[in-house]
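For reference, the structure is listed below as structure tokens.
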Amino acid sequence: MDRQRPPAGGARRLGVALLGAGRLGAGHARLLAGLPSVRLALIADPRPEVAVLGDRLGARVVAEPERAIEDGEVEAVVIVTPTATHAPLIAAAARAGKAVLCEKPVALDVPGTEAALAAVRAAGVPLQIGFQRRYDPGYVEARRRIAGGEVGAVHLFRAVSHDPYPPAPAYIAACGGQFLDMAIHDIDLARFLTGDEVVEVSALGSVLGPSGDSFRAAGDWDTTVLNLRFASGALGSIVNSRQSGYGYDIHTEVLGDRGAIKVGYERQVPLTRYDASGAHHDYVPYFPERFATAYGAEIEAFVDAVLAGRPVTPTGEDGLAALKVAIAATSSARAGGATTTV
């Protein structure tokens, strides 16, 4: 059984509650249970099958996230619930004095996000936003090299994100649209890698795939192109598709006046087979596989920061900055690509 790993030498363990144990949340539960510095006290999820996960990991299971937040054994919460619940759960956790790691976005609008951040500031608790790509080894190294001047002055930022297949209709209806749900990761990378702020956007969107009715019903798109202008004058582009048909494709490039850095890879297994018809290799299936290392590093960094009393990163303000760009992009695409100030 995957019971929680005990600490070494009597080191203090952070009592954590996981709120939401779907595909991503269940992965987070296993990561938390495997950290010697964590005691996964509770998992909050109303689905009956989650009891099996809790038993396997040695964590109590409750149906209501509010019960987990108020539990005296809990010092921090990790929120992986549906987007519409993020802001109220952040505020509730802040009022209870609990540190928070929350998946993006905080909310689907600026007022809801600002209200949650105000609750965090009033309580003086840490809030880390789940932009896990900041903890991917490739992006960490790219940030270090760009900040160190290896590419010189940044001229261009380019990002490509392709999902292998569209999400379920219910998810499409509730996620806030492609820019707020998907492109927001690339938007955060644009700020993270360049150290610059996006001040102007123009965007276009189309519905082209077999799940078109679901996207149209939500006022959303399955294919988008987003152009960026940074405060420095540098330019950027973000290209997103909900349906590559081959795998999960994430590539990012930063070009400067002294060179370029590109982050990304295609093969899940480093093996290529050759025959008379050509060269063949596999592809990364989806985000849990591509960013497995990043999710682990993200959670460990959050726990370590809370235990040591250090600031967490990325912050709620980073989440708000990316959200404002994503909302401006949505407005631009709905206006047929009109240039929109962030």
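Here the chain has 55 percent of its accessible surface on carbon and sulfur atoms, given a 1.4 Å probe and all protein chains in place. If both residues of a DSSP beta bridge must be in the chain, then about 55% of such bridges are antiparallel. For the pair the range 203-269 and the range 1-72, the centres of their Cα atoms are 34 angstrom apart. Its DSSP H runs of at least 4 residues, each contributing -39,500 (n - 2.57), put the calculated 222 nm mean residue ellipticity of the chain at -10500 deg cm²/dmol, to the nearest 500.
With a probe of 1.4 Å, find how much accessible area the range 95-187 has per residue, and write the answer as a whole number in Å². Could the numbers behind the result be given before it?
Working: 3510 Å² over 93 residues.
Ligands and nucleic acids excluded, the figure is 38 Å² per residue.
In straight-distance terms, cross-link reach from LYS324 covers every one of the lysines whose alpha-carbon lies under 24 Å from its own, apart from those fewer than eight places away in the same chain; here that gives LYS104.
Cα convex hull of the chain: how many Å³ per residue?
Details: hull volume 56.0 nm³, N = 342.
Expressed per residue, the convex hull around the Cα atoms of the chain is 164 Å³.
What number, in percent, do you get for the relative contact order of the chain if the mean sequence gap of Cα pairs under 8 Å and at least 6 apart is divided by its residue count?
Numbers: 722 pairs, mean separation 62.6, N = 342.
Relative contact order here is 18 percent.
Rounded if a/c is under 1.5, else prolate if a/b beats b/c, else oblate: with a ≥ b ≥ c from the C-alpha gyration tensor eigenvalues square-rooted, which is the range 76-184? Walk me through the numbers on the way to the answer.
On the way: a/c = 2.29, a/b = 1.32, b/c = 1.73.
Oblate, since a/c reaches 1.5 and b/c is not below a/b.
If you run the Gaussian network model on the chain, springs between alpha carbon atoms under 10 Å, then out of ILE43, ILE146, ILE187 the most flexible one is ILE146. For chymotrypsin sites (Phe, Trp or Tyr not before Pro), no site in the range 203-244 is both called loop by DSSP and has at most 16 other Cβ atoms within 10 Å. The relative contact order of the range 230-342, computed from alpha carbon pairs under 8 Å that lie at least 6 residues apart in sequence, is 14 percent. Taking 12 Å as the straight-line reach from the Cα of LYS262, the aspartates and glutamates in range (excluding those fewer than 8 positions away in the same chain) are GLU141, GLU253. Scanning residues 5 or more positions from VAL207 or on other chains, those with amide H under 5 Å from its amide H are ASP222, with H placed 1.01 Å from N in the peptide plane.
Computed over the range 1-114, the convex hull of the alpha-carbon atoms projects to a mean area of 6.9 nm².
The values are calculated or read from the model by the stated rules, or taken from the named source; none is laboratory data. If you're wondering where the values come from, they're calculated on a predicted model, not measured in any experiment. Quick reminder, even Gly has a Cβ in these numbers, built from the backbone with ideal geometry, and neighbours come from all protein chains shown. Ligands, DNA and RNA are stripped out before the accessible areas are found, and what is left, the full protein with its side chains, is counted by its heavy atoms. Shrake-Rupley method; radii C 1.70, N 1.55, O 1.52, S 1.80 Å.
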